[in-house]
Amino acid sequence: MNPYLAREEKSNFVRLTSLIQLVEDVLEAYSNAKNVDPAFMKYLRMGKTFLEKAIIIRTEYLDRTAKDELLKQCGRLEFICVPSLEAKKEMKATLALQSTIPMEMQDFTDWYCEVIETTCKTCTREAYEECQIRRVLTKYGVYPIDASTTNKCQYSYVGTPEAETLVEVESDAVPAEKYNQAVVELTAAIERIENAEKQCGKLSIELERCNVGKADTARIEAEYRELAIKFDDLSIKVESEYLPEIERLRKRNEEMEAANAAVIAAVAAHEVAKEKMIDAMKSLLEKQDDVPAPRKEEAKPPTPIHAVERPTSASQQYRVECKCDAEYFCRMNPGRQTAGCRDCSAPVYVDLNAKGIKNPFGDGDVVLLTNRYRTESVRAMPAKQFSGKEYQEPVGL
């Protein structure tokens, strides 16, 4: 798993931590409840434990910086349930249904015919524009009785030919339905008056604020005009003075970029030449290592165990094993009985009894020179003792 959290994985990680918090809240709520099934609580705790283990396993793959940043960000979060866009749409539809009453067209027609017959016929209100019945009738397109009048309600029969018939059939007694309707209208009118007074108070406060803000508006307009003049002057100055300088700097920048590209190319060529020179020096050193070095009394630098040496007909292949843990192959004059270690200059002696030494440079016998154990002198040993001992490869080769 990656040592960092991408944006999508970080979102999933936050969901997991939020889910753990929800499970903890549920456990706390059910812990205080009565008659809770123990198995139910057990599986809730198991789910919380497994979620925590999964989060721990994932955080172990994160490096230290990413883990600290994640803990810092999680510490700033708080889980809040917010309705989705679909839920908000459903909520709006539900509220619309609650604020609207479906009504059939016939029911609506019966309603406004009865209202006009019992109320609007004899209505002589001067403030007819504030009438709620007139507002509803106008909103839903009920055709008025007198559409051309402008000094009274268009739904009133007063002053129309229909009013004469109404006077003839009217009696002095007031029906109960009309009385109740009048009481309802009076109550509604009182409420509308109170609402109008409150609205007038709010409008008065807003008017005062507007009067106070007129001076600020004039000041802001003056400042705006002044800033517009300064902006025009600055634009002219930029076009006349700064644009040529900007163009010159742009060209200078292009020249510097071209020079930088040339320098980078030169550096790259220098690096290539440097690598070629290093390879040539290594090749030269390898050729120099192939030439047998003259024998000196001082200590010689160690030679790698698998160094390639060019065989000659006038030399013998030797293997040196010293007490200082130096092990290497070298070529010297044939018939040597002793030599000096290149690392510590300690003497090493020939052991002709050691056989079976593998020659990594090709065919030919290899003679062992060592001081790790006592060897017999070649001159004092009979010739029959030169055979019989097999050479053992040292450990680690």
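Values computed for the structure shown
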{"item": "Residue in the range 133-153 that is surrounded by 12 or more Cβ atoms within 10 Å (Cβ to Cβ), touching a Phe, Trp or Tyr at 6+ places or on another chain (Cβ under 7 Å), charged (D, E, K, R) and outside any helix (DSSP H, G or I) present", "result": "yes"}
{"item": "Meets criteria (touching an Asp or Glu at 6+ places or on another chain (Cβ under 7 Å), in a helix (DSSP H, G or I) and modelled with pLDDT of 80 or more) for T118", "result": "yes"}
{"item": "The range 45-85 - residue that is farther than 14 Å from L16 by Cα and at pLDDT 90 or above and, of those, surrounded by the fewest Cβ atoms within 10 Å (Cβ to Cβ)", "result": "M46"}
{"item": "Close pairs (9 angstrom Cβ cut-off, 6 or more residues apart or separate chains): surrounded by fewer than 14 Cβ atoms within 10 Å (Cβ to Cβ) in the range 109-128, at pLDDT below 80 and in a helix (DSSP H, G or I) anywhere", "result": "A127/A189"}
{"item": "Any helices (runs of 4 or more DSSP H) falling wholly within the range 1-113 and containing at least 1 residues that are over 18 Å from the mean Cα position of the chain (by Cα) and more than 30 Å from L137 (Cβ to Cβ)", "result": "7-31, 38-60, 85-98"}
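One line per residue, one yes/no per condition, for (1) over 16 Å from P3 (Cβ atoms); (2) touching a residue at least 60 places away in the same chain (Cβ under 8 Å):
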{"residue": "L16", "(1), (2)": "yes, no"}
{"residue": "N32", "(1), (2)": "yes, no"}
{"residue": "N35", "(1), (2)": "yes, no"}
{"residue": "I56", "(1), (2)": "no, no"}
{"residue": "T59", "(1), (2)": "no, no"}
{"residue": "D63", "(1), (2)": "no, yes"}
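The values are calculated or read from the model by the stated rules, or taken from the named source; none is laboratory data. Since we're looking at a predicted model, the values are computed, not measured. Glycine also receives a Cβ, built like all others from the backbone with ideal geometry; neighbour counts cover every protein chain displayed.
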